[in-house]
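Data first, discussion second: the structure below is written as structure tokens.
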Amino acid sequence: NETIPYIFSVSYGDHERSLSPEYMKRINLEFMKIGLRGVSVLFASGDDGAGCHRFDDDSYTFEPDFPSSSPYVTTVGGTMFTSIFTDVNEKGNDISGGGFSNIFSMPKYQMETVAGYLNDSTIQLPDSKYYNSSNRAYPDVSAMSDDFWIIINRLLMNVAGTSAATPTVAGMIALANDARLDAGKPVLGFLNPFIYQNPGIFFDVTLGPPSQACWLNDLEGYPVSKGWDPVTGFGTPDYRRLIQAAMQYY
């Protein structure tokens, strides 16, 4: 394990529909193997909201992405400030990729959490014909994905997207790993069981519009809600709480 990093942050994805189930299952096997080695793999959830696929008969369905729909990676969605002039509060970014896989069953670690979202009568969910609510739900967490400032070749640039959010979360996990290693503990490894056991370490993002979907058909995606939702996951990490929980985790 000394020859590979403890964390991978990946900004790549493709529609599940465009890939063969055999290919995705084979890739999942590799995700499982690297997780067993104590490596954390984080993927950007994508920038198409719930996604949209139009069939030949002009009907529509939501379009989940892979590998963000894999049960064996940690998927990061996106948020933005409620005002471009202040950082008082966050809201979900409607481009934040999220939803339910059409291929992979829902893992046990998230069943209770996702059921709470699906069964909340105060949430106006999209028609169930557009997605498979019994399958893997994503994203797991989120971070800032709009008006995100970076420096490249000494130039200040403004970027956006979950490709900005994912390395942000990965960097915080790296610091949590560092604290654990200093205390003689192993790194966190596969993150999702830790995340779903510690929802209180996240800032719960409850504001914002539903995610984008089939805008040509006036079809919106998933609503943001209290607790986990398919736009922001559990929300954005609170660094101090993250470190505290990481130090108490096995």
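Read the figures in this text as sums done on the coordinates, not as results from a lab. Just so you know, these numbers come straight off a predicted model, no measurement behind them. Positions of Cβ are backbone-derived with ideal geometry, glycine not excepted, and every protein chain shown enters the neighbour counts.
Each Cα pair under 8 Å and six or more residues apart adds its sequence gap; the mean of these over the residue count of the chain is a relative contact order of 25 percent. Distances between placed amide hydrogens fall under 5 Å for GLY208 paired with GLY92, all partners being 5 or more residues away or on another chain. Partner lysines whose Cα lies under 18 Å from the Cα of LYS33, excluding those fewer than 8 positions away in the same chain, are identified as LYS25.
Both radii were evaluated on the Cα set of segment 118-250; the Rg over Rh quotient, with Rh as the Kirkwood radius, amounts to 1.03. Calculated translational diffusion coefficient of segment 1-55 (10 °C, 1.306 mPa s; Stokes-Einstein with Kirkwood radius over alpha-carbon pairs) equals 120 µm²/s.
Which shape class, rounded, prolate or oblate, goes with segment 44-178 when its Cα gyration tensor gives a ≥ b ≥ c as root eigenvalues, a/c under 1.5 marks rounded, and past that a/b bigger than b/c marks prolate? Since a/c reaches 1.5 and a/b is larger than b/c, the shape of segment 44-178 is classed as prolate.
Ignoring aspartates and glutamates fewer than eight residues from LYS185 along the same chain, the ones with Cα atoms less than 16 angstrom from its Cα are GLU2. Each part reduced to its alpha carbon centroid, segment 168-185 and segment 31-73 end up 26 Å apart. Over the C-alpha trace of the chain, radius of gyration and Dmax come out as 17.5, 60 angstrom. Converting phi to 3J(HN,Hα) with the Karplus coefficients 6.51, -1.76 and 1.60 and the offset θ = phi - 60°, segment 31-39 yields 4, 5, 5, 6, x, 5, 7, x, 9 Hz in sequence order, with x at every glycine or proline.
Pairwise Cα distances in segment 113-182 exceed 17 Å in 65 percent of cases. In a reduced charge model with +1 at each Lys and Arg Cβ and -1 at each Asp and Glu Cβ, the chain shows a dipole moment near 980 debye about its Cα centre.
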